[in-house]
1. May I ask you to verify whether GLY759 is of a type outside the set (Phe, Trp, Tyr) and on the phi > 0 side of the Ramachandran plot?
2. Given the conditions (1) assigned to a loop (DSSP other than H, G, I, E, B); (2) within 17 Å of the chain's Cα centre (by Cα), which single one is not true for ALA314?
3. Does TYR743 satisfy being under 24 Å from GLN640 (Cβ atoms) and either part of a strand (DSSP E or B) or over 34 Å from the mean Cα position of the chain (by Cα) (or both)?
4. If we scan the range 363-374, do we find a residue that is open to solvent by less than 30 Å² (accessible area, probe 1.4 Å), part of a loop (DSSP other than H, G, I, E, B) and not hydroxyl-bearing (Ser, Thr, Tyr)?
5. Counting just the residues of the range 708-726 that are hydrophobic (A, V, I, L, M, F, W, C) and within 37 Å of the chain's Cα centre (by Cα), which one comes out surrounded by the fewest Cβ atoms within 10 Å (Cβ to Cβ)?
6. Applying the selection to the range 181-192, what residues are assigned to a strand (DSSP E or B) and more than 25 Å from the chain's Cα centre (by Cα)?
7. Taking the stated definitions as given, is SER584 of a type outside the set (A, V, I, L, M, F, W, C), under 22 Å from the mean Cα position of the chain (by Cα), at pLDDT 95 or above and surrounded by 20 or more Cβ atoms within 10 Å (Cβ to Cβ)?
8. Go through the range 313-349 residue by residue and tally those that are buried (at least 24 other Cβ atoms within 10 Å of the Cβ), under 11 Å from ASN516 (Cβ atoms) and either of a type in the set (Gly, Ala, Ser) or touching a strand residue (DSSP E or B) at 6+ places or on another chain (Cβ under 7 Å) (or both).
Amino acid sequence: MKSYTRLITPSEKMSLILTIFLLLCILSSANAEFPKKTYIIQMDKYAKPDTFSSHLEWYTSKVKSILSISVETELDKEERIIYTYQTAFHGVAAKLSQEEAERLEAEEGVVAIFPDTKYQLHTTRSPTFLGLEPTQSTKVWSETLANHDVTVGVLDTGIWPESESFNDTGMGSVPSHWKGACETGRGFEKYHCNKKIVGARMFYHGYEAATGKIDEKTEYKSPRDQDGHGTHTAATVAGSPVHGANLLGYAYGTARGMAPGARIAAYKVCWTGGCFSSDILSAVDRAVADGVDVLSISLGGGVSSYYRDSLSVAAFGAMEKGVLVSCSAGNAGPDPASLTNVSPWITTVGASTMDRDFPADVSLGTGRKITGTSLYKGRSVLSVKKQYPLVYMGNINSSIPDPRSLCLEGTLDRRMVSGKIVICDRGISPRVQKGQVVKNAGGVGMILANTAANGEELVADCHLLPAVAVGEKEGKELKHYVLTSKKATATLAFMATRLGVRPSPVVAAFSSRGPNFLTLEILKPDVVAPGVNILAAWSGAIGPSSLPTDHRRVKFNILSGTSMSCPHVSGIAALLKAKHPEWSPAAIKSALMTTAYVHDNTIKPLRDASSADASTPYDHGAGHINPNRALDPGLVYDIQPQDYFEFLCTQKLTPSELGVFAKYSNRTCRHSLASPGDLNYPAISVVFPQINSSSVLTVHRTATNVGPAVSKYHVVVSPFKGASVKVEPETLSFTKKYQKLSYKVTFTTQSRQTEPEFGGLVWKDGVHKVRSPIVLTYLTPI
């Protein structure tokens, strides 16, 4: 039998092309009509019908039931669900259109839906500065290793396992209760985990859903750290001691983490294009299931209501499981109300300086010498015997910044800057990148001048050309010199590391500030800790400046940010957990807060680097951490999960909004708190209402004795201009350990103030001083 192949006529061919074109248009229209993004769907795990054998089966059925029926979905066979959450949070993350998400939110059993949001990273000598000598921190571990083992989960950019900071010599076997895993991928194998790095996982489904597939040729799709940030924070938490650690000769000494005996579990949630909440949530959920004791999270997004903040909701679930969550406060200071991570069940950490700096001198042609800071160490060195032309491309009298004064990419004219030292204003672009711009334009050096936003705070950087950072005041002086002198000249010289700097600590200008406008009665940040010029381990994949043009490779790097202060507190929390395994997350946070100090090494009140004025609890919270005192605080203010829920019951949330926190433990409001200020928080913040008449406000606290069984404490409280203060009773007499005694503090307005007032309440027994900061806020009468 013959077979025939029929030729297509020209008209039929045109018809076929038109059909294909129309189909492509329909598909394009469908894609435009139903663009998908990632949503986090919180489910009520108790609402699962018996007809489903597992929660995942039920979740999948729910998602499938609301999918749009279109040409796109018929042809689109991709898996919509990218994560399942089942420990600190319950539900899934799925790729949905907005219409599908709205339909799903109305379904039975769906508690809440959160759109996936992008978070940003908040980017030695610190153990000694904090009073943790090697013998002391080792003693804490030797006393407790026999009966307790602590693991800190670090959510960050991954880890560089070859670093000496993660050497496990002398560490015991990984505890049998640990359920973590060592996930593999490019550049990371099972053997990269050891008795120090007990877990390493990666979370990227949300990131890929938002940005496309990770390019594995240019980025490690594995727990390996390409950025350096995660290695730095993990080593700060629990790095093993490394003798002779330094950055290009700066900060030479022994680098070690706050809790050198603790284990590290690295959860990689941040990639080249950022960190996404669906990935962060999955990491928190997995870390709690793995068995971490502390979570260290040096990243943040904006502030949203408690029930709309997926990290806040996940942290609540972690707290319910006994895990302390430590987060960075953010680097948006010194603007007021610039904090992130403000939930009361999160420990929110601001940043401060240490007593170490890295001086560098600017010597002017006039003979005047100005001291700044730098970590420059390179082949190009300016002669101290020679003066170089000095240039500034801006105008000090203009209110609008000139892009050239900021040394932004492509703004500098080689003819104007070649062979000269260029003054660059801080802002817009990274500090080290400005130096690269100057270098590319032929400049021989840079002076980085602070603006009003940074004040006199100096942050050292590992520049790619000779460069010195100076304060705002000196910056203005330098610019005036250049703009009023036809032949302004200077040279730059770099000094060694300097210790014993006074005053210190000082609250960093960049550290985000209160008040906490979400709930004024909850004072934030909680504490400050070292976060300026911190030396710790670094990734071998990137140079110390993090610029792609930086081909230097170092084992340690010096960084600044609340990203650096957060792991200090996480590590100290691990120390406290090791010594007091029975303590709740709230008890550990209380010990950190009530033993914090509010005076510097000149015995004067802590100062604010942005203004040189005294800092306030809106800047430093309860004060600067004091680890040795925190190990033995005397009293703690404990808070149980139900107490935090009772706090939420005072926040005017609807039943469905409260359900976000209530579903897993079947919590209901018992209305045990008269106001949010009655939460048993270690800080006291009182808000007087908008009325003209006298106001009387009372807050209640309950102290738990964790010191000697028989203890007697007397109270001392600050006087205030605007209100009288009465504490009842004035004495707390304990007769046994873990006994709880309550007291109340009554504030009566006398002369309403226009500004907040700050003070403190201290319980003393002759050995311990248990201090709570007090903030009085007077709302303006209507």
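The values are calculated or read from the model by the stated rules, or taken from the named source; none is laboratory data. These numbers come from a predicted model, not from an experiment. When we count neighbours, we look across all protein chains shown, and the Cβ atoms used for this are built from the backbone with ideal geometry, even at glycine. Quick note on the areas: whole protein, heavy atoms, side chains included, nothing else; ligands and nucleic acids left out. Shrake-Rupley method; radii C 1.70, N 1.55, O 1.52, S 1.80 Å.
1. no
2. With respect to (1) assigned to a loop (DSSP other than H, G, I, E, B); (2) within 17 Å of the chain's Cα centre (by Cα), ALA314 is out only on (1).
3. yes
4. So far as the range 363-374 goes, no, none of its residues is open to solvent by less than 30 Å² (accessible area, probe 1.4 Å), part of a loop (DSSP other than H, G, I, E, B) and not hydroxyl-bearing (Ser, Thr, Tyr).
5. Pass one, the range 708-726, residues hydrophobic (A, V, I, L, M, F, W, C): 709-710, 715-717, 720, 723, 725.
The next check asks that each one be within 37 Å of the chain's Cα centre (by Cα); those that pass are 715-717, 720, 723, 725.
Numbers: VAL715: 17, VAL716: 13, VAL717: 18, PHE720: 19, ALA723: 23, VAL725: 18.
It comes out as VAL716.
6. Step one: list which residues in the range 181-192 are assigned to a strand (DSSP E or B), which gives 182, 185, 188.
Selection gives GLY185, PHE188.
7. no
8. Qualifying residue count for the region: 7.
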